[in-house]
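Single-structure report; data block below.
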Amino acid sequence: MNALSQAPQPVRTTCPYCGVGCGVLAKSDGAGGVVAAGDPDHPANFGRLCSKGSALGETLSLEGRLLQPMLRGNDGACSQVSWSAALDHSASELSRVIGRHGPGAVAFYLSGQLLTEDYYVANKLMKGFIGSAHVDTNSRLCMASSVAGHRRAFGSDTVPGTYEDLDLADLIVLVGSNAAWCHPILYQRIERNKRERGAKIVVIDPRRTATAEEADLFLPIAPGMDSALFAGLLVHLADSGLVNEDYVGRHVNGLAEALSGARRLAGSVTQTAAATGLLPGAVEHFFELFRETARVVTCFSQGVNQSAQGTDKVTSIINCHLATGRIGRPGMGPFSLTGQPNAMGGREVGGLANQLAAHMAYTPEDIDRVGRFWRAPNMAQREGLKAVQMFEAIERGEIKALWVMATNPVVSLPRAGALAAALKKLELFIVSDNTLSTDTLNAGAHVLLPAAAWGEKDGTVTNSERRMSRQRPFLPQPGEAKPDWWIVSEVARRMGFGDAFAYRSAADIFREHAALSAFENHGSRDFDIGAFAAIGDDAYDSLAPTQWPAPAGGAPAARFFADGRFFTSDRKAQMIAPRPPLPARPLSVEYPLRLNTGRIRDQWHTMTRSGLSPRLAVHSPEPFVEVNPDDAAAFGLEDAGFARVSSLFGSAVLRVVIAPGQRRGSVFAPIHWSHETSSHGRIGDVVAPDTDPYSGQPEAKATPVSIAPVRFRYSGFTLSQTPPSLPDGTWWARVAVSGGHGLLFATDAGIETWHEVAGCSPDEADGVAEYIDRERGLYRMARFADGGLEAALFVAPVEIAPRWDTVKALFEADSISDAQRRAVLSGRPADDLPDTGPTVCACFGVGLHTIRDAILTGAAADVDEIGKALRAGTNCGSCRPEIKKIISNELLAKAG
Ligand code: SF4
């Protein structure tokens, strides 16, 4: 079935999800499947995986995969074609558009999911051979503000920190980062430092997240005000005599200007508190912790980056580290936590529209250097359009041809619905992907190219600490799927650039990438992996995780900036005064709330992979909006009801979760749901397209919105072996279940409709059980076959939504007992199937009721004891904050 069933050893590879970059051992499960375990030798995770990584084996099904090249005909239908037909068509159409409209009419939209080698080839084709720099990536949505902040301060896009710094720091400040959910394995490392060494944790976030639960100090900052807080900190450090005059004098420019700018923003604790919406005592406490602790690491993520002032936020954080000389030394420094598995690799190859390859810039010298190295006939001479602007150019009809690789912009970009319509204007729309049906493909892609997926492809990725790791194949490439680098190279060859794209393997590309990084470098650029310019195929195959820099013939620098030398023209870092913080759009009477978007614990991006795992589906199965209780009361919302969240750009209908940790005046909604996985849950439709002027990163956390209740009469679920169909007007969300299809839904359709939807007929009497209570508005149907539950449909008034998890457990079982069969329609668990409650620990499937029982019976009194008793929280640990909350709630209830 797969390469592993014959392989004597597990295959070492790297997780395809977040920027932690955990090492994975892909092993055969002995039954034709694959299990993923943490690689104990990988320095990013030392054997641990989070819930998403642990469930990778459940995401490898070929169902729904794009396995053949396809072309869309004039009738809108797609038909299979040969690779040569698809590649010929792509190349000739690209050449036609370039010939008629110029290279600026062509754009590539890439992805942090691509491997470095794929990224390198796509970037080279566009910037060196087509002659346009309209190559951008979904990483623009995730960390472009960090790139811009690094380049302004350091003269290079250098992440100075390493994961080891998180072990050595005495204070870890997490700004706009829900690391407990979004970088769980790193967060466990931070927590261990707190437990074992007593490190303090400060969390700065408008929302009380799972990460905030563990913090020594939580600062619920007003949305967008981070640079005011760090400006206030800079003033405080200066006024406390903490500026390292010697260090600044030798290694930093711009202190006086940055400091006077900071004084204008937040010249005192009181002013800082007023600007940030924090209590003065809390501000003072933070300043004192930072002031008194030499070893400080400030980690930042999307809460900082996804802002119209993201670059200034990054700058204001870096300013505090530069002023105190807390950079380039163990256990200290600013640390950007990247979101995607290969956002860093994309930066290395120049996969952003405003960068050249190998961390070079759009200077005449760098354009000339890269052009000579590539022997490129047509080097792009200026920066290209960044993601949001690129899609706006498509909307205006200026870009005529677009190639999207390994990403789903119709879900993830701001104003997603409008962009879907804009894509219809393209003369040529190519998508290379793994998945047959995504919102982007369904927006009318003309050419569909089947790309190899994780487990099938071969190359490298770079994680948040600059560590390059191999992704290795352990499955055959199914159908006609091919690596992305091969697809791009074949198109390039057909466009007449064959000599420059004659790669035989990913190793060939890696060697060229390494050679370019060293080309005329001589220590002038941070990114140098020249040590691998002549790496052999076998050495590439067995390449161990390696941090860059790795220059040829020399020992790598012990640590970036340890010598106080940066990559600016005078080798000094630059401090810059941030602008006054202000979200791009003001609130109004019509749109009085701020929409904050983000990730949830057990899903990844647009769910095309993680959404296939039944284990990951149980924790947060529906698209939701978190609302503060006071806002909920003010807007007439009920917990577990529904609400329409609307902006100037679009709307979504989401399940309401009333959450005291949600800041008043803001609402939170997850980014994951698409029109493939929900009827109305695509939050990208609502997000404003405002961007940071330096980084071009969209402000995904501050869109002004309104919220209003949406009332449905009924809600329910259906589980079936064939895809179900629901009446028009039904709100639904797809959930992964083993052996079938699951939908959670809400509707106004009455009971008679559901009898029809269930498709029950009298002659099925033996196999079908139906329960109808018209008075109470209940409908339940279960269909049995071969000793198991084949299908179920449950509908109830919305205020008594039926539990789906207990029926799902029976649906997924190979066979069920008589007691279980009798209990199905009761809506309660059978006596021989314990009611474990909603899942808390996805790794070991431990439910809320089980944890509560352990607390109430005295079997466990803290998170570690719960771990010992039930295993919950002992694998990835990302449910530990939730378990802690459950314990404190139960103990409070017991005491009161
Ligand atoms: Fe994958 Fe989780 Fe590790 Fe991120 S923390 S790389 S999602 S296993």
Exercise. Any residue in segment 580-594 that's hydroxyl-bearing (S, T, Y): show its pairings with residues that are not in a loop (DSSP other than H, G, I, E, B) at Cβ separation under 9 Å, as long as the two are six or more apart or on different chains.
Key: S588/P704; Y591/S646; Y591/T703; Y591/P704; Y591/V705; Y591/S706
Quiz item: With A179, A199 as the choices, which residue is of a type in the set (A, V, I, L, M), in the same structural domain as N305 (by TED's automatic domain parsing) and more than 27 Å from A37 (Cα to Cα)?
Solution: A199
Exercise. Quick one: in segment 48-61, of everything that is near the ligand (Cβ under 8 Å from one of its atoms) and not in a helix (DSSP H, G or I), which residue is farthest from the chain's Cα centre (by Cα)?
Key: R48
Exercise. Pick out, from segment 133-249, the helices (runs of 4 or more DSSP H) lying fully within it that include 3 or more residues that are within 16 Å of the ligand (Cβ to nearest atom) and crowded, with 22+ Cβ neighbours inside 10 Å.
Key: 179-182, 184-197
Quiz item: If you go through segment 143-151 one residue at a time, do you hit one that is under 23 Å from E427 (Cα atoms) and touching a residue at least 40 places away in the same chain (Cβ under 8 Å)?
Solution: no
Self-check item: Residue check for A659: under 21 Å from the mean Cα position of the chain (by Cα) and small (G, A, S)
Solution: no
Exercise. Could you list all residues from segment 690-728 that are over 22 Å from E676 (Cα atoms), among the small types (G, A, S) and assigned to a strand (DSSP E or B)?
Key: S706, A708
Exercise. Mind telling me which of the residues L94, L114, L87 ends up being in a loop (DSSP other than H, G, I, E, B), in the same structural domain as L413 (by TED's automatic domain parsing) and at pLDDT 95 or above?
Key: L114
Practice problem: With respect to V807, determine if the residue is in contact with a strand residue (DSSP E or B) (Cβ under 8 Å, 6 or more places away or on another chain), under 26 Å from A55 (Cβ atoms) and either buried (at least 23 other Cβ atoms within 10 Å of the Cβ) or in contact (Cβ under 8 Å) with a residue 60 or more places away in the chain (or both). | Solution: yes
Self-check item: Those helices (runs of 4 or more DSSP H) lying entirely in segment 810-881 with at least 1 residues closer than 28 Å to K894 by Cα and at pLDDT below 90
Solution: 848-856, 863-870
Quiz item: Could we say that P483 is assigned by TED's automatic domain parsing to the domain that holds P450 and buried (at least 22 other Cβ atoms within 10 Å of the Cβ) here?
Solution: yes
Quiz item: Within segment 10-27, can you find the residues that are within 9 Å of the ligand (Cβ to nearest atom) and among the β-branched types (V, I, T)?
Solution: T14, V20, V24
Self-check item: Only one of R579, R511, R571 that is under 21 Å from H150 (Cα atoms) and under 30 Å from the mean Cα position of the chain (by Cα)
Solution: R579
Quiz item: When residues of segment 28-47 are filtered for being modelled with pLDDT of 95 or more and either assigned to a loop (DSSP other than H, G, I, E, B) or more than 14 Å from the ligand (Cβ to nearest atom) (or both), how many remain?
Solution: 9
Self-check item: Scope segment 695-730; condition within 28 Å of F635 (Cα to Cα), touching a residue at least 60 places away in the same chain (Cβ under 8 Å) and out of contact with any Leu (no Cβ under 8 Å at 6 or more places or on another chain); matching residues
Solution: E699, A708, V710, R711, F712, R713, Y714
Quiz item: Which ones in segment 578-617 are away from the ligand (no atom under 15 Å from the Cβ), in contact with a Lys or Arg (Cβ under 8 Å, 6 or more places away or on another chain) and among the hydrophobic types (A, V, I, L, M, F, W, C)?
Solution: L587, L595
Quiz prompt | Filter pass, F527 being closer than 17 Å to D157 by Cα and either in contact with a Pro (Cβ under 9 Å, 6 or more places away or on another chain) or modelled with pLDDT of 95 or more (or both) | solution = yes
Practice problem: Answer yes or no: is there a residue in segment 731-740 that is without any contact (Cβ under 8 Å) to a residue 24 or more places away in the chain, outside the structural domain of A55 (by TED's automatic domain parsing) and surrounded by fewer than 21 Cβ atoms within 10 Å (Cβ to Cβ). | Solution: no
Quiz prompt | In segment 314-367, the residues that are assigned to a loop (DSSP other than H, G, I, E, B), farther than 30 Å from D246 by Cα and within 16 Å of the ligand (Cβ to nearest atom) | solution = T338, G339, Q340, P341, N342
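The values are calculated or read from the model by the stated rules, or taken from the named source; none is laboratory data. Being a predicted model, the structure only gives us computed values, none of them experimental. Don't worry about glycine lacking a Cβ; one is built from the backbone with ideal geometry, like all the others, and counts go over all protein chains shown.
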